[in-house]
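J.: This is the structure I want to talk about, given as structure tokens.
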Amino acid sequence: PYIHVLVSELNRVGYSVAVLNHLGALEKETLTSRRIFSYGGTDDFHLLVDWVLETWPGRRIVGLGLSMGGNVLLKYLGERPDRQRHFIGAASVCQLYDMLKARPTWLSWKGLGWLYNFHIARNLLAVIRRHSDVLFSSHSEKEIRTTTTRTETTERPNMQRTLSATSVTDIDAHLLRHLTKFNTMDEYYDQQSCCHYLHKITDVPVLLLNALDDPIVPELLHESPKNYASTFPNAFFVLTKHGAHLAFFEGGFIVPNTVTWLDRMLVQYTQAVEDIFNERKA
């Protein structure tokens, strides 16, 4: 629902919006190959950007990424710096930056990280169950051996262990690591994280927003955005006292306003980077 509100607010002030639905997440869509969204997979976002550029030639893009989407956006821009020429700004909200460093917090009792982990795992398993016939297909071993350019592995996704998982890390270990062709969990988390690519994003303004009371993104994960923002003048890191994980609510004590502080801020940020771009172009 929060995506619908943000899109409506952006439309209201005149912006066209393209939204990436993570591969496999839509209930009425079926997978046709053994692929599903992952924390740092940028292929689908790349296809979306190409479609936008083909549909509206000459348009400039402001990228807005929420939670996992923030990691995908920044990793996409840093993987190949030439992609930045199509963007006039980027904003990342409530993301982890470094999955390898974040992994212990997902299993911690502090801040109820384990509870969020369990909740997200249940939602992810609902998606996986809808596509289990494709994701755990019998030709998986051959496919893993022949498509990877890394050290070959003949390990296969484990259906029983995946569907009985109680945490995201279990799902990563028994399914997503194999689908993305990584041999170890450390390699998977390390290579999926945008923290290794931030220093390559130099040509567009970048907003990095987190909340101090976010139970999923504790303060120890703020090191990467702080270092990036302190080194590169195009970036700034904003840390709010409250907001939790994408919960920047305002208004009534019982029922908050439909439009949140985050919605208003992202609209204002989009307008600001557009003004800066137009001033430089004039």
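J.: Can you confirm whether LEU74 is surrounded by 20 or more Cβ atoms within 10 Å (Cβ to Cβ), within 22 Å of GLU274 (Cβ to Cβ) and touching a Cys at 6+ places or on another chain (Cβ under 6 Å)?
T.: Yes: the conditions hold for LEU74.
J.: Filter the range 56-66 down to residues that are open to solvent by 10 Å² or more (accessible area, probe 1.4 Å) and at pLDDT 95 or above and give me whichever is farthest from the chain's Cα centre (by Cα).
T.: Looking at residues that are open to solvent by 10 Å² or more (accessible area, probe 1.4 Å) and at pLDDT 95 or above, I get ILE61.
J.: Has the range 185-208 got at least one residue that is within 17 Å of GLY63 (Cβ to Cβ), open to solvent by less than 10 Å² (accessible area, probe 1.4 Å), in a helix (DSSP H, G or I) and touching a residue at least 12 places away in the same chain (Cβ under 8 Å)?
T.: Yes, the range 185-208 contains at least one residue that is within 17 Å of GLY63 (Cβ to Cβ), open to solvent by less than 10 Å² (accessible area, probe 1.4 Å), in a helix (DSSP H, G or I) and touching a residue at least 12 places away in the same chain (Cβ under 8 Å).
J.: Now, a different point. If you scan the range 168-191, which residues turn out to be closer than 14 Å to ILE128 by Cβ, touching a helix residue (DSSP H, G or I) at 6+ places or on another chain (Cβ under 6 Å) and not aliphatic (A, V, I, L, M)?
T.: Residues satisfying the conditions are HIS174, ARG177.
J.: Tell me whether the range 71-79 contains one or more residues that are out of contact with any Ser or Thr (no Cβ under 7 Å at 6 or more places or on another chain) and among the acidic types (Asp, Glu).
T.: Scanning the range 71-79, I find no residue that is out of contact with any Ser or Thr (no Cβ under 7 Å at 6 or more places or on another chain) and among the acidic types (Asp, Glu), so the answer is no.
J.: Output the residue which, of all residues in the range 133-165 that are of a type in the set (Ser, Thr, Tyr), more than 14 Å from ARG35 (Cβ to Cβ) and modelled with pLDDT of 50 or more, is nearest to the chain's Cα centre (by Cα).
T.: THR162
J.: Filter the range 228-277 for residues that are farther than 19 Å from SER67 by Cα, open to solvent by less than 80 Å² (accessible area, probe 1.4 Å) and assigned to a helix (DSSP H, G or I) and give the result.
T.: Result: GLN271, ALA272, VAL273, GLU274, ILE276, PHE277.
J.: I want to confirm something. Restricting to the range 82-114 and keeping residues that are aliphatic (A, V, I, L, M) and touching a strand residue (DSSP E or B) at 6+ places or on another chain (Cβ under 9 Å), which single residue is most open to solvent (accessible area, probe 1.4 Å)?
T.: If we take residues in the range 82-114 being aliphatic (A, V, I, L, M) and touching a strand residue (DSSP E or B) at 6+ places or on another chain (Cβ under 9 Å), then ILE88 is most open to solvent (accessible area, probe 1.4 Å).
J.: Could you check how many residues of the range 23-32 are without any contact (Cβ under 8 Å) to a residue 40 or more places away in the chain and open to solvent by less than 60 Å² (accessible area, probe 1.4 Å)?
T.: Number satisfying all stated conditions: 1.
J.: Could you list all residues from the range 208-219 that are within 15 Å of SER193 (Cβ to Cβ) and modelled with pLDDT under 95?
T.: Correct list: ILE216, VAL217.
J.: Mind counting the residues in the range 1-19 that are outside any helix (DSSP H, G or I) and either closer than 18 Å to MET68 by Cβ or touching a residue at least 12 places away in the same chain (Cβ under 8 Å) (or both)?
T.: Summing the residues that are outside any helix (DSSP H, G or I) and either closer than 18 Å to MET68 by Cβ or touching a residue at least 12 places away in the same chain (Cβ under 8 Å) (or both) in the range 1-19 gives 6.
J.: Looking only at the range 209-227, how many residues end up being assigned to a loop (DSSP other than H, G, I, E, B) and touching an Asp or Glu at 6+ places or on another chain (Cβ under 9 Å)?
T.: Number of matching residues: 1.
The values are calculated or read from the model by the stated rules, or taken from the named source; none is laboratory data. No experiment lies behind these values; they were computed from the predicted model shown. Here the Cβ is made from the backbone with ideal geometry for all residues, glycine too, and neighbour counts use every protein chain on show. For the accessible areas, the whole protein counts, side chains as well, though only heavy atoms, and no ligand, DNA or RNA atoms are used. Shrake-Rupley method; radii C 1.70, N 1.55, O 1.52, S 1.80 Å.
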